[in-house]
1. Any residue at all in region 82-91 that's assigned to a helix (DSSP H, G or I), touching a residue at least 60 places away in the same chain (Cβ under 8 Å) and not hydrophobic (A, V, I, L, M, F, W, C)?
2. Residue check: is Y300 surrounded by 18 or more Cβ atoms within 10 Å (Cβ to Cβ), in contact with a Phe, Trp or Tyr (Cβ under 8 Å, 6 or more places away or on another chain) and of a type outside the set (G, A, S)?
3. Here is a check on your reading of the model: is G216 modelled with pLDDT under 95, of a type outside the set (K, R) and touching a Ser or Thr at 6+ places or on another chain (Cβ under 6 Å)?
4. Let me confirm something: among S273, S303, S324, which residue is part of a strand (DSSP E or B) and closer than 22 Å to T255 by Cβ?
5. Just checking, which of I372, I419 is in contact with a Phe, Trp or Tyr (Cβ under 8 Å, 6 or more places away or on another chain), in contact (Cβ under 8 Å) with a residue 60 or more places away in the chain and either basic (K, R) or over 19 Å from L38 (Cβ atoms) (or both)?
6. Here is a list of conditions, (1) open to solvent by 60 Å² or more (accessible area, probe 1.4 Å); (2) of a type outside the set (A, V, I, L, M, F, W, C); (3) touching an Asp or Glu at 6+ places or on another chain (Cβ under 7 Å), and E365 meets all of them except one; can you say which number that is?
Amino acid sequence: MWARFTAVTGLVLAGVLALPGVAMAKPKDLDIPVGTWLAARTHPAVQLTSVSYTADVAVPTPVANLEAIRGLTQQGVAAVQSGKISSDENSIYRWVVQQMAKEPGRYFSPGAPERVVEATAGGLCTGWWVTPDGYMVTAAHCVGQEESELAQTFATQALTKINEKDAADLISSLGDIASDDEIVRTAAKIFQIWNADNIKIRNVQSSLSLLQSLPGGGVDKTAKAVPIELVAKGTVYPGKDIAILKANGQNNLPTVPLGQDSDVRVGDTLYISGFPGTVTQTSIFNIESKLDPAFTEGPYNASRQTPEGVPYIQTQAPSYPGNSGGPVFSKDGNVIGILVGGLIQQDGGSTEGESFVLPVSIVREKLNEKNIKSAESVTTKAYNEALDLFFKNHYSDALPKFREVQALQPNHPYVAKYITDSQQAITAGKDESSSSILPWVLWGGGGLLVLFVLGTLGAVLKGKRRSKIPPHSFPPAPYGAQPGYLPPGQGQYGHPAQHGQHGQPYGVPQQPYPQRPPYPLPAAPEDTRAVRPHSPYGEPQQKPGPGANTRIAGLEAELEQLRRNMGQRPPDQR
């Protein structure tokens, strides 16, 4: 009897806790775009990197080659006579300056004095954590430049004033003309090229750092430069344009997972995270805005290969200078490559639809060379769990998880805002956490359980006093899996339950769990006229036979009183 009683009690309690319409029945399906889900999970691991140089930069004074310039002017006159250019002075000088810009060294020679400045130059790129203890991946061209490239960088950044002065001297020497903006821009370009060709760089020192975002007093952010060291470097595009960096003294950093080249193919959507220079190098936005990565997406257009045999992916996802080194993701949130660059138009703008990605197999190859193993951090695991709860509106459940993240990584750039958002949502009554309704479910389940226990005990005792009835008149009441009660992993009619496709990203609606009734339903007897198994609710029961003791009567009275208290109809007294 007690074995049957325990089994039934367990089934009833399980049925109570699985009542439809309460939070524990089934979680609300995520209903957010893939890009939103990806950005939330991956942004903490994406960092703004900086390479800076200091040096003594010297350039000679340009001396005009008058004979070459005179010959160029005569060509301009001939072009006017032949109708190739207009005869006004601005058109003539515009043509002359454009020709000089094609070959500045032909029209100017190095002279004295040498002009020396203490210069600084640098650039911003994107990197991302691949291990919890501070290993980072970025592009090779983001961590160091060849001498010729460095000269060009100094010529455009450190010698701005010198370039402007040289350009003004050239325009002045051409005569008293109403120079238009195109002539001024072209003249400046002449000396950017000429000074880069004749520059001398001495006492070069370089440094790498992260401009790491730190939470302030509330949810605002400040920036802190964190030194970082170069561990390994490939060759710049079109080579294996990858570098491995290491920030010392780090732990529990947020990370992103590495995928495989086979995770994506032509036609799939790719997602790029990084820091475009259009934002980081402008004064329009505040520091908090600049330290948030930008997310773009576009199709995988084609698989390419350089003459050296290095594979690259072409994608239509937009990218800009500053995105270099940034991670590129599949829809499942795995890194499938590094954004290396894009084709640049003659005016310096990026050509959309022509961004190029170094596949993740090259990343794995470089990490293996240094015996570095990518790994998910405990911070990332807890953060992703918290995000899943947050996007289900389970704010009370998400809140302690977010606080766990904050304890693991106090400098986490986003968790403070999620804590604030969760608290505000709870205050606004938007919380749909299971924990907020569980005490009421358990209280209600307890009341039902008391009813069931008393009813079952009373019925069992009454059965002992009944007149003898042949045993075969009682159909066996099942205590295992029953119609309407689904064992774990089983759907209706014994088929496997539909739990959604393995590997589906969050945000894709999942198949709902099969609906359960409020409690397990006992099998119906073949002969409906026979005595029914006992029900936890107030269905008619067999009356006890003559001679029932007063204990049974007391139980019936107590049961009837409980039913009245719970709003139940008393049994028929026939």
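1. Checking region 82-91: at least one residue is assigned to a helix (DSSP H, G or I), touching a residue at least 60 places away in the same chain (Cβ under 8 Å) and not hydrophobic (A, V, I, L, M, F, W, C).
2. Judged against the criteria, Y300 is not a match.
3. Yes.
4. Testing whether each residue is part of a strand (DSSP E or B) and closer than 22 Å to T255 by Cβ leaves just S273.
5. Only one candidate qualifies: I372.
6. It is condition (3) that E365 fails.
Each row is one residue, and each column tells you yes or no for (1) under 20 Å from the mean Cα position of the chain (by Cα); (2) open to solvent by less than 50 Å² (accessible area, probe 1.4 Å); (3) of a type in the set (F, W, Y).
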| position | (1), (2), (3) |
| --- | --- |
| K246 | no, yes, no |
| V256 | yes, yes, no |
| T278 | no, no, no |
| I284 | no, no, no |
| D292 | yes, no, no |
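The rows are residues; the columns are (1) without any contact (Cβ under 8 Å) to a residue 40 or more places away in the chain; (2) closer than 25 Å to N384 by Cβ.
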{"residue": "A223", "(1), (2)": "no, no"}
{"residue": "V231", "(1), (2)": "no, no"}
{"residue": "L245", "(1), (2)": "no, yes"}
{"residue": "V266", "(1), (2)": "yes, no"}
{"residue": "Y271", "(1), (2)": "no, yes"}
{"residue": "F275", "(1), (2)": "no, yes"}
{"residue": "Q281", "(1), (2)": "no, no"}
{"residue": "N286", "(1), (2)": "yes, no"}
{"residue": "L291", "(1), (2)": "no, yes"}
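The values are calculated or read from the model by the stated rules, or taken from the named source; none is laboratory data. Remember, it's a predicted structure, so these values are computed and weren't measured experimentally. Cβ atoms come from the backbone with ideal geometry, glycine included; neighbour counts cover every protein chain shown. Accessible surface is based on the protein model in full, side chains and every heavy atom, while ligands, DNA and RNA are left aside. Shrake-Rupley method; radii C 1.70, N 1.55, O 1.52, S 1.80 Å.
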